[in-house]
1. What number goes with the only condition from (1) surrounded by fewer than 17 Cβ atoms within 10 Å (Cβ to Cβ); (2) within 14 Å of the chain's Cα centre (by Cα) that PRO95 does not pass?
2. Any residue that is free of Cβ contacts under 8 Å to residues at least 40 places away in the same chain, part of a strand (DSSP E or B) and crowded, with 16+ Cβ neighbours inside 10 Å - is there at least one of those in region 53-62?
3. For VAL104, are the conditions met, namely being surrounded by 16 or more Cβ atoms within 10 Å (Cβ to Cβ) and either more than 13 Å from the chain's Cα centre (by Cα) or at pLDDT below 95 (or both)?
4. Can you tell me which residue among GLY75, GLY71 is open to solvent by less than 30 Å² (accessible area, probe 1.4 Å), small (Gly, Ala, Ser) and either within 24 Å of THR109 (Cα to Cα) or not in a helix (DSSP H, G or I) (or both)?
5. List, please: which pairs have Cβ atoms under 8 Å, are six or more places apart or on different chains, and start with a residue in region 1-19 that is open to solvent by 80 Å² or more (accessible area, probe 1.4 Å) and end with one that is aromatic (Phe, Trp, Tyr) and at pLDDT below 80?
6. Across region 63-118, what is the number of residues that are charged (D, E, K, R), closer than 18 Å to ARG129 by Cα and without any contact (Cβ under 8 Å) to a residue 12 or more places away in the chain?
7. Scan (1) in contact (Cβ under 8 Å) with a residue 60 or more places away in the chain; (2) under 19 Å from LEU115 (Cβ atoms) for the single condition TRP32 breaks and write down its number.
8. Starting from residues that are at pLDDT 95 or above and surrounded by 16 or more Cβ atoms within 10 Å (Cβ to Cβ), keep the ones in region 41-52 and report whichever is nearest to ILE11 (Cα to Cα).
Amino acid sequence: MTNQGTVRQAILSGSTFEEQIGYARAVVDGDWVHVSGTTGFDYATMTISEDVVEQAEQCLRNVGAALAEAGCSFGDVVRVRYLLPDREDFEPCWPVLRRYFGEVRPAATMMMCGLADPRMKIEVEVYARRGSGGTDV
C-alpha cells in the first residue's frame, strides 16, 4: 500500500496533555502510524488506576483507539516500546501484553525511566504500518 501525496494526519485522543504539551496521540504519515507514548489514563475521566496491570490494559485500549482511528489494528504493529519507572512492574504486565502482541510479534524494547506523572507506572509507544498485518485484537 502506498499513499503518495497523503497529507500527514494528527489523531487526538482528547487527553488534556496533548493540548498542554503540544503533541498528537498519533500521527499518520502515508502507511505509517506513529503512536505517542500512551499511559493508563482514561481520557474520558482523566483518571488513572493505581494498579500497573490495569494501567497496562488502559494503555492498550488507548493505543487501540488511536490505531483504529488511523485505519489499522494491533495486527499492523511492527514496533513497541514499554517505558516503566520500576522494572518489577514489567513482568506482572506480561499476560496483558501477550494478549495484544503475542500473535503479532513486533520488535520490542522495555526501558526504565521516569514518567511525567508519578501516578504513571507504564507507558506504551507503537509504530504500525497500515495493511501489514492481519491479526486483530
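The values are calculated or read from the model by the stated rules, or taken from the named source; none is laboratory data. All values derive from a computational prediction rather than experimental measurement. FYI the Cβ positions are ideal-geometry reconstructions off the backbone, even for glycines, and counts take in every protein chain you see. Each accessible area value is taken on the protein alone, full model and side chains, heavy atoms only, with ligands, DNA and RNA left out. Shrake-Rupley method; radii C 1.70, N 1.55, O 1.52, S 1.80 Å.
1. (2)
2. Checked against the condition, which is being free of Cβ contacts under 8 Å to residues at least 40 places away in the same chain, part of a strand (DSSP E or B) and crowded, with 16+ Cβ neighbours inside 10 Å, region 53-62 yields no hits at all.
3. The answer is yes for VAL104.
4. Just one listed residue meets the conditions, GLY75.
5. No pair meets every condition.
6. 1
7. (2)
8. ILE48
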